[in-house]
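Below is one structure, written out as structure tokens; comments come after it.
Quick note: the coordinates plus some simple rules give every number you see, no bench work behind them. Here the structure is a predicted model, which means the values were calculated and not measured. Glycine also receives a Cβ, built like all others from the backbone with ideal geometry; neighbour counts cover every protein chain displayed.
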Amino acid sequence: MTANLRRRKLFSRVFEILCALAVVVALIPLAMILFYVIKEGAGALNWDFFTKMPKPVGETGGGMANAIVGTLILIGIAALFAIPVGGICGVHLAEYPETKFSSAVRFAADVLNGVPSIVVGIFAYGLVVLPVKRFSALAGGVALGFLMIPIVVRTTEELLRLVPGGLREGALALGATRSRAVFSVIVPAALPGILTGILVALARVAGETAPLLFTALGNRFWSTSLTQPIASLTVQVYTYAQSPYDDWHRQAWAGAFLLVMIILILSIAARLAVRRLERMNRP
Amino acid sequence: MRRSSDDRTFRLGTGAFAAFVLLLVAGIAFELTRQSMLSIAKFGLKFWTTSTWNPVSGDFGALPFIWGTLYSSILALLMATPIALGIAIFISELSPRMLRQPLAYLTDLLAAIPSIVYGLWGVFVMVPFVRTLETVTPDALKRIPLFSGPPLGVGMLSAALILAVMVIPFTSSVAREILKNVPSTQREAAYALGATRWEAIKVAIGFGKSGIIGAVMLGFGRALGETIAVTMVIGNSPQVSASLFKPQYTMAAVIANEFTEAADELYLHALIEIGLLLFIITIAVNIISRLLIWSMKRRVVAPDVAPVLPAEEALA
Amino acid sequence: MNDIQTESKISVRNFDFFYGPSKVLHDISLEIPAQKVTALIGPSGCGKSTFIRSINRMNDIIPEAKGTGTIMIDGKDVYAGDTDVVELRRKVGMVFQKSNPFPKSIYDNVAYGLKIGGMRNKRQLDEIIERSLTRAALWHEVKDRLHDSAMALSGGQQQRLCIARALAVDPEIVLMDEPASALDPIATSKIEELIYELKDNYTIVIVTHNMQQAARVSDRTAFFMLGRLVEYADTNAIFMNPKEKMTEDYVTGRFG
């Protein structure tokens, strides 16, 4: 073996090792974050956390009951308009994939996906808060909904395209109209996957903080009203984290733990469901 | 015929919802511009070059925020890109087949963690660590502007580090897709000419070059827009400084912190104008990166076949 | 260059090949002479590509692939523990079915093998590149645009470029896996002419599904069927006077 060859093989080895190292380096923060979240958060998670309201400043104890419910309400509002809008948009893209219009829409959805969530928050502020000069749960839900739409669009389109074309042809051949064929045959076939995709999107927006800061604002008290500011898990964690109180820090970790758990569970479920769907469609 | 009119209703009906998405993007642009008019009118282009940010006197200049955003994002990119590419190469070219899915899943998990959780970890774990780093930095080094500044822990370095971790999964997953799309015949040609493994990988990277640059830019766009994790660890002090240790401020962070405090319309409009710039920059970066990725995918299709519009890949 | 040797350039003995559990090559034994063109023919899927890729160990890239038996080049076992695969592949060049130039300039494509081998001297590179492109019958068509992208060439030109690229590292053997199957008749005949000229300096093994092509360019022909070597003889003998019935059926077009 010549010296040149020996050198090249050494280089190759070194780079291969560096790449493996890169994987390790990336997994370290992941492990650390999960470790701290579990260590600090799981311990602080107790029944009070789920059922009690926040205590006045300085007092220990209490929980995040209002924030948990707030987050649920917010993602509920978001889902209410993001699912139909995003879903039907996805249907259009899947049924007419090659038109110029569809390309433009797909492009817009991807652009929307890349817009920082705080900017979407400003938009929701201008749309819902400014006209009535009031922060509201509705505004927060709208902001989250806008953030959800591109995810729902892409998930729906992809999963509908996975459905074998024979299904549509079969339905049409039996005399079904286009809308009938799509909505009663194709969409149901892809539904499990679409639903889990939606759940993942919901989990994602449930973790958003920035757009809520000036739409839903936050609320120390119990509120389920759509026209009032509302607490949310993320904003509450944010507020507590920046406070000087240890007890609030503990609760912040608990909130973080809850968020991470929800996201983990939903993303695992989503992966399994999509894999199941793909396997079903393979002959 | 009943069938074709139903087809048409279907197409127009679903199309209306699709058009909504287009309108949404346009709407955001329009609304942001409208709500920043006062500031645009008063300051014009000076807004982007002045450093004073004085809500009391009504003098607003966004330079420190632009600086902070770009500096932190570029630093993050410098740290994240080699790692992200290393991961992409490892997963798609080097790892045993069994490990591929789990490793891909683990790196994608990084992308799923909400930024508030990153922020929390940043504040309670990373900032103290950086503070120790800063305190042990030898005084001789501290004289260089890069390392000057009080050992607070919060500052540019912490922000860049946290951004880097957040950017890694984005760049890596797109780069992985790109490498998967490089035809294996390219690597085969290299091997047949006596290339080592790394040399063959270099050929594949060369083929996918534009797509990989696109992946890097996508990560850049992500860093530019990150709000919560950054504001919790950057110190939130508007100053233009090359120092890694001094607390600074970003566009997204100032909006998050001061939006609800904006007492008068001009203040609010100034903040929204910053949001407008953020919007424009991130869209531009996004568009460029997607064009790069798309152009690379086109090349893979045989040159004598009309290029088919590629299905957009799922991004984390 | 080598004098005509009485010993075979490539000597294959009892070679089996497996993709995972399934056996795709059965007990192949043949001797390939130096500085001649040996053609491998047979219906698609009969293992000829797998066989040819075993000679330069390209199959090593596929994880579940495994070969047993001996393949010797100049008396040295290709699969021996101390054989350096990178060195082997420099000595045994390969041209693929679909041309696969790198998205670089024509110059850089041909220079690739040389550059990774450590050659830096521009004059040397220029010389070898010109020589290789000439040997591949491409020089006159590209000499004024060496720094243009290789992707701008036609299919036939790209294939000749790939041949030049393979020749640049000065191999002794050139393996060709259906080199003209993706080309039009004019480009094909240019490649065939090329093969005829190359054999003076190189040992050539060519896989082809086109019998007329095999009859035109090769000196010896091996007929493969379902992973087995059915018959191996001088090309004239195989086509005019085949010994096995299966061979006769194939070359007369009764199947395949």
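Structure summary
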quantity	calculated
Loop sites in the stretch B:1-110: trypsin sites (Lys or Arg not before Pro), DSSP, at most 10 other Cβ within 10 Å	none
Long-range amide H partners of C:Val207 with built H, under 5 Å	C:Leu40, C:Met176, C:Asp177, C:Glu178
Cα-based shape type of chain A, given that a ≥ b ≥ c are square roots of the gyration tensor eigenvalues and the cut on a/c is 1.5	oblate
At R0 = 30 Å, FRET efficiency that the Cβ-Cβ distance of A:Leu80 and B:Thr9 yields, to 0.05	0.80
Shielding by partners - mean other protein chain Cβ count within 10 Å, residues of B:22-31	6
Nonlocal amide H pairs with C:Ser105, under 5 Å, H built at 1.01 Å	C:Ala150
Spin-label pair A:Phe221/A:Leu130, simplified geometry with 7 Å Cα→Cβ offset, distance in nm	3.0 nm
Listed peptides C:86-92, B:273-279, A:241-247, A:228-234 by packing density, highest first (mean Cβ within 10 Å)	A:228-234, B:273-279, C:86-92, A:241-247
Chain B - percent relative contact order, Cα under 8 Å, separation 6 or more	27 percent
Most mobile of A:Val111, A:Val85, A:Val14 in a GNM of chain A (Cα contacts under 10 Å)	A:Val14
At R0 = 45 Å, FRET efficiency that the Cβ-Cβ distance of B:Ser184 and B:Phe30 yields, to 0.05	0.45
J(HN,Hα) series, the stretch B:22-33, from Karplus relation 6.51 cos²θ - 1.76 cosθ + 1.60, nearest Hz, glycine and proline x	4, 4, 4, 4, 4, x, 4, 4, 5, 5, 4, 5
Cleavage-rule hits, GluC sites (Glu not before Pro), the stretch A:54-155, DSSP coil, Cβ neighbours within 10 Å at most 15	A:Glu59, A:Glu98
Global geometry of the stretch C:182-223, whether rounded, prolate or oblate, following the gyration tensor of its Cα atoms and the 1.5 cut on a/c	oblate
Residue mean of other protein chain beta carbons inside 10 Å, A:98-109	5
Gyration tensor verdict on the protein assembly as shown (Cα atoms; rounded if a/c is under 1.5, prolate if a/b is larger than b/c, oblate otherwise)	prolate
Top positive-direction residue, dipole computed over chain B with Cβ charges, set B:Val25, B:Ala284, B:Val203	B:Val203
Derived scalar couplings ³J(HN,Hα) [the stretch C:23-40; Karplus, 6.51 cos²θ - 1.76 cosθ + 1.60; whole Hz; x for Gly, Pro]	8, 10, 10, 10, 6, 7, 9, 7, 10, 9, x, 6, 6, 9, 9, 10, 9, 10
Gaussian network model of chain A, springs between alpha carbon atoms under 10 Å - residue of A:Leu127, A:Leu80, A:Leu18 with greatest fluctuation	A:Leu18
Loop sites in the stretch B:102-158: trypsin sites (Lys or Arg not before Pro), DSSP, at most 10 other Cβ within 10 Å	B:Arg143
Nitroxide proxy distance, nm - points 7 Å out along Cα→Cβ at B:Ser237 and A:Ile265	4.3 nm
Selected from B:Val230, B:Val174, B:Val130 as most flexible by GNM, with chain B as the system and alpha-carbon contacts under 10 Å	B:Val130
Value of [θ]222 nm, deg cm²/dmol, for the protein assembly as shown, DSSP H segments ≥ 4, -39500 (n - 2.57) each, nearest 500	-19000 deg cm²/dmol
Under 17 Å from the Cα of B:Lys180 - lysines, other chains or at least 8 residues apart	B:Lys202, B:Lys209, B:Lys297
Vicinal HN-Hα couplings computed from phi for the stretch B:123-138 (Karplus, 6.51 cos²θ - 1.76 cosθ + 1.60; Hz; Gly/Pro x)	5, 8, 10, 6, 4, x, 5, 5, 4, 4, 4, 5, 5, 7, 5, x
Neighbouring partner chain Cβ atoms per residue of A:7-20, average, 10 Å criterion	6
Separation in nanometres of the label points that stand 7 Å from Cα toward Cβ, at A:Asn113 and C:Val85	3.7 nm
The stretch B:231-271 and the stretch C:93-142: distance between their alpha carbon centers, rounded to Å	57 Å
Sequence-distant residues sharing a close amide H with C:Met94 (under 5 Å, placed H)	C:Leu175
Pairwise centroid distance, computed over Cα atoms, of the stretch A:132-162 with the stretch A:209-283, Å	15 Å
